[in-house]
Structure formats: C-alpha cells, structure tokens
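Novice: Have a look at this one before I ask anything.
The values are calculated or read from the model by the stated rules, or taken from the named source; none is laboratory data. Note that the structure is predicted; figures quoted are calculated from it, not measured. So basically every Cβ, Gly included, is an ideal-geometry build from the backbone, and we count neighbours across all protein chains shown. Surface accessibility is based on the protein's heavy atoms, side chains included, excluding ligands, DNA and RNA. Shrake-Rupley method; radii C 1.70, N 1.55, O 1.52, S 1.80 Å.
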Amino acid sequence: MKKNIVIFHGSKQVVEVPEYGAGKIYNDYGCGFYCTESIELAKEWACPVKNDGYANKYTLHTEGLNVMHLTESPFNILNWLAVLLQNRRFDINNNIGRGAREYLLENFLPDTSGVDVIIGYRADDSYFSFAEDFVNNTISVRDLNAAMQLGTLGQQVVLISRKAFEQIEFVEYEIADHREYYYKRTQRDKQARSDYMKRKRNLSALKDDLFILDIIREDIKNDDTRLQLYLSE
C-alpha cells in the first residue's frame, strides 16, 4: 500500500480533527472514522437528506499501520458479511437466518484485533438489503458476490485504532451541493436495485448455486474449495 493515501469523509459538517471513539458502534465495521478515496462518493454520502454537506479531505499516512483489505485475498465476501453481522442490525425473519448468523460469525469472522484500518464494501441502502437476502437464504453466494459490484458504490476506508487517528492529516474541504449530490446518491441506489432485480433468477432454477443453507448443511468453512469455486465464477 502507498505510504500516503488521500481520503475523503462525507459529513454534514467540517471535521478538521477526527475524534477517536466518537463514531457509532453499529456502523458496518463498528466504531471508526468512515472515508472513501472518491470525492464524488464522499459528497453523495454527505447529502443523505436535502441539505448541503461537506467532503472533508485528508492525507492518511499508512506507514506502520496494519491495514485489512476485506475485498482482497485471502478474504472473501463471507468474511465481509460476518463483520457486518457482528456490527449491524439485520432483519432476520426465519430460523435459517438465525442459524446463518451464528454459523457465519463462528466460521467466517476475521480477527480484527491489532488492525488499524479496514478497507471494504460499504453496506449502504440497497447493498445492505442484498446482504440480508443472502442471510435469509433468498439469494446464492454467487449472486451476493455479484450484487456488491452493482451501482459502483466503491469501497470505504475505515480508521479504527487510535494509532490510525494519529496518522491522519486534514487538508481542506469542499461543499457538497444537495441539489446535485442528494439526487446522485438516490439514483445510485435505485440503479443498484434495478440491476439486482434483473439479475435475480427463479429460485427453482438455481439447483447448482450455493445458498447459506447449503453452506451450513455441508459444513463449508472459509478455506473450502467448493466455496472458492462459486466465488471465482
């Protein structure tokens, strides 16, 4: 990883000094400072409602930091999902979903102790519903993996340790005009949902796909070659 990376934080206010421990504990990766390498995405995230926001720009000095890339090997989509399950509140509506949560947390949750920065998908709006569908046995692991590429939401860079907070430097900010970015955010979500529904196939035709119930029944673990086969397609 580069020694220095430029990241942006979308917010309703200017944040010159990010405060360690100030974030919400039920965010995707728990308490942390959530950023992106895309200023356009930061501006969208700054406008969840029809009010202007700010894209705060920083330099993150990564030398000496332990950075976990959840979208790169050796991790897979179920490692990311297990982290999400640990921190977010899922709408689990059946016994399969409850069993899935326990199984994924036990077998796919990566060890984040000693990690300073996590890079991974952002489970925003439609993307969170895709994750819920998988846990409730509605879509396959292959479709979940593909769904996370829809809408080009990109990845988020999350500072989680005190050490990481000590190595971030504020540069400047730009105003995010809600008249542009609120609608861009809304359109991105709508497009992702539309693309998802186009991909979604008749469940009766998915005899060769791998669902969470199959993963539990066949006792598939993180390094199982059967899982890697479906994720590589």
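Novice: When only residues in region 116-139 that are open to solvent by less than 10 Å² (accessible area, probe 1.4 Å) and assigned to a loop (DSSP other than H, G, I, E, B) count, which is modelled with the highest pLDDT?
Specialist: Across region 116-139, the extreme among qualifying residues is I139.
Novice: Then there is this: Tally up the residues in region 181-212 that are at pLDDT 75 or above and surrounded by 14 or more Cβ atoms within 10 Å (Cβ to Cβ), please.
Specialist: Counting residues in region 181-212 that are at pLDDT 75 or above and surrounded by 14 or more Cβ atoms within 10 Å (Cβ to Cβ) gives 12.
Novice: So for region 76-94 (the condition being polar (S, T, N, Q), touching a Leu at 6+ places or on another chain (Cβ under 7 Å) and modelled with pLDDT of 95 or more), does at least one residue qualify?
Specialist: yes
Novice: I would also like to ask the following. Are there any strands (runs of 3 or more DSSP E) wholly within region 1-113 with 3 or more residues that are within 22 Å of M148 (Cβ to Cβ), and if so which?
Specialist: The qualifying strands (runs of 3 or more DSSP E) are 4-11, 67-69.
Novice: Report whether or not I175 is of a type in the set (V, I, T), crowded, with 20+ Cβ neighbours inside 10 Å and touching a residue at least 40 places away in the same chain (Cβ under 8 Å).
Specialist: Criteria not met by I175.
Novice: Moving on. Restricting to region 142-172, give me the number of residues that are modelled with pLDDT of 90 or more and open to solvent by less than 30 Å² (accessible area, probe 1.4 Å).
Specialist: Going through region 142-172 one residue at a time, the tally reaches 8.
Novice: What are the pairs with Cβ atoms under 8 angstrom where one residue, in region 78-107, is open to solvent by less than 30 Å² (accessible area, probe 1.4 Å) and the other, located anywhere, is at pLDDT below 90 and among the polar types (S, T, N, Q)? Sequence gap at least six, or different chains.
Specialist: W80/T71
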